[in-house]
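This report concerns only the one structure given below.
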Amino acid sequence: MVINFQQIIQRIYSYPMQRIAVAAGTDAETLHAVKMAYEQKIADCILVGDERTIRETAEKEKISLENVEVIDADDPVKAAYKAVELVHDGKAQIFMKGYIHSDDFLRCVLDKEVGLRSGNLLNHVFILEATYLNRLLFITDGAMNIAPTLEQKAQILANTVALAQIFDIEQPKVAVISAVEVVTPAIQSTMDAAMLSKMSERNQFHGGIVDGPLALDNAINPEAARYKKIGGVVAGHADILLMPDVVSGNALAKSFAHITGGTTAGLIFGAKVPIILPSRSDSKESKLMGMACAVYVAGANQHKRVKIGKVHF
Ligand code: COD
């Protein structure tokens, strides 16, 4: 089982080198991450974006772009389309967001002609290096599906269980998060959580052990679960947190990064290739770890063909 980002970096050294096409890779943190990825042999990158801005930023930050290909595109959306085409045409294996709004970037991922759709629902997963808990935590969906329906939540769970299994968590424990741990008709997310738990018990979607509703404290902290007398194998030990909506998912992951100083990696999963979707304000370390995780997932795909389970209704 992978418990930190350093282990991921060690594992990808045995994988073939991957190329990442970076859409609007014009900002300092992205350029630092690209440089570190090259130096640490994590990945090669192609920067697509306003070339003048890229070169000026690199000079100001004293970053050498000697080994990095740069393709000029004068605005972020055009850059994203040029970059996704490189992936679509097999000239790069991974797609990454640079200094562009997430919705513009995602529309390009979903483009019917040059995008990276696979027929699956795509979802975003923040992978947190939760050193205090001594494991990786997978938080979904904090960046793509704004207000998922019950059906979409089930598919997001099936996707994320498959992702966690790539990280050698064979039977991921999934907590469906709400504000309370009792089914409360006034809080829709508790109702969805109860239904997802039952659907999981009835094998309506693949893998994982699902329980909910759980509140954040009793999902990840065994003491809190014991104190509130919540039994079961998931309470206190969750690997995956399914959040009620994009606002709560996004706020939880960003509070980890910006209040505790923790490192997160942001991926879109379920597309034809792994996609790195950090927040524009993420640190270079977070962006680099996103790259490492995406390379790891791409390598795992080539080695053992990852299977995403379908949801049955
Ligand atoms: N997986 C697969 N296909 C999808 C998905 C998905 N998650 N979402 C939409 N589609 C397909 C639809 O089936 C349809 O064919 C097409 O894409 C358009 O769907 P719409 O009309 O819902 O698409 P948009 O363009 O209005 O919205 C899609 C976005 C992903 C842009 C939107 O959901 C969004 O803005 N998400 C939040 C992005 C964001 O701002 N995140 C901020 C945090 S960093």
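In table form, for the structure just shown:
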{"item": "Counted residues, region 138-168 - those being more than 16 Å from the ligand (Cβ to nearest atom) and open to solvent by 10 Å² or more (accessible area, probe 1.4 Å)", "result": "2"}
{"item": "Qualifying residues in region 102-116 (those that are within 16 Å of the chain's Cα centre (by Cα) and in contact (Cβ under 8 Å) with a residue 12 or more places away in the chain) - the one most open to solvent (accessible area, probe 1.4 Å)", "result": "S102"}
{"item": "Unmet criterion (only one of (1) open to solvent by less than 40 Å² (accessible area, probe 1.4 Å); (2) without any contact (Cβ under 8 Å) to a residue 60 or more places away in the chain) for V87", "result": "(2)"}
{"item": "Residue within region 112-123 that is at pLDDT 95 or above, more than 11 Å from the ligand (Cβ to nearest atom), among the aliphatic types (A, V, I, L, M) and assigned to a helix (DSSP H, G or I) present", "result": "no"}
{"item": "Count of residues meeting criterion [polar (S, T, N, Q), under 16 Å from S189 (Cα atoms) and either away from the ligand (no atom under 16 Å from the Cβ) or not in a helix (DSSP H, G or I) (or both)] in region 219-249", "result": "0"}
{"item": "Scan of region 259-297 for residues that are part of a helix (DSSP H, G or I) and either open to solvent by 10 Å² or more (accessible area, probe 1.4 Å) or within 13 Å of the ligand (Cβ to nearest atom) (or both), ordered by number", "result": "I259, K284, E285, S286, M289, G290"}
{"item": "Residues satisfying the stated conditions in region 13-44, i.e. open to solvent by 10 Å² or more (accessible area, probe 1.4 Å) and in a helix (DSSP H, G or I)", "result": "A28, E29, H32, K35, M36, Y38, E39"}
{"item": "Test: Y99 is more than 29 Å from A154 (Cβ to Cβ), at pLDDT 95 or above, within 14 Å of the ligand (Cβ to nearest atom) and open to solvent by 80 Å² or more (accessible area, probe 1.4 Å)", "result": "yes"}
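The values are calculated or read from the model by the stated rules, or taken from the named source; none is laboratory data. Just so it is clear, the model here is predicted, and its values are computed rather than measured. Cβ coordinates were reconstructed from backbone atoms using ideal geometry, including for glycine residues, and neighbour counts include every protein chain displayed. The area values use the complete protein model at the heavy-atom level, side chains included, leaving out ligands, DNA and RNA. Shrake-Rupley method; radii C 1.70, N 1.55, O 1.52, S 1.80 Å.
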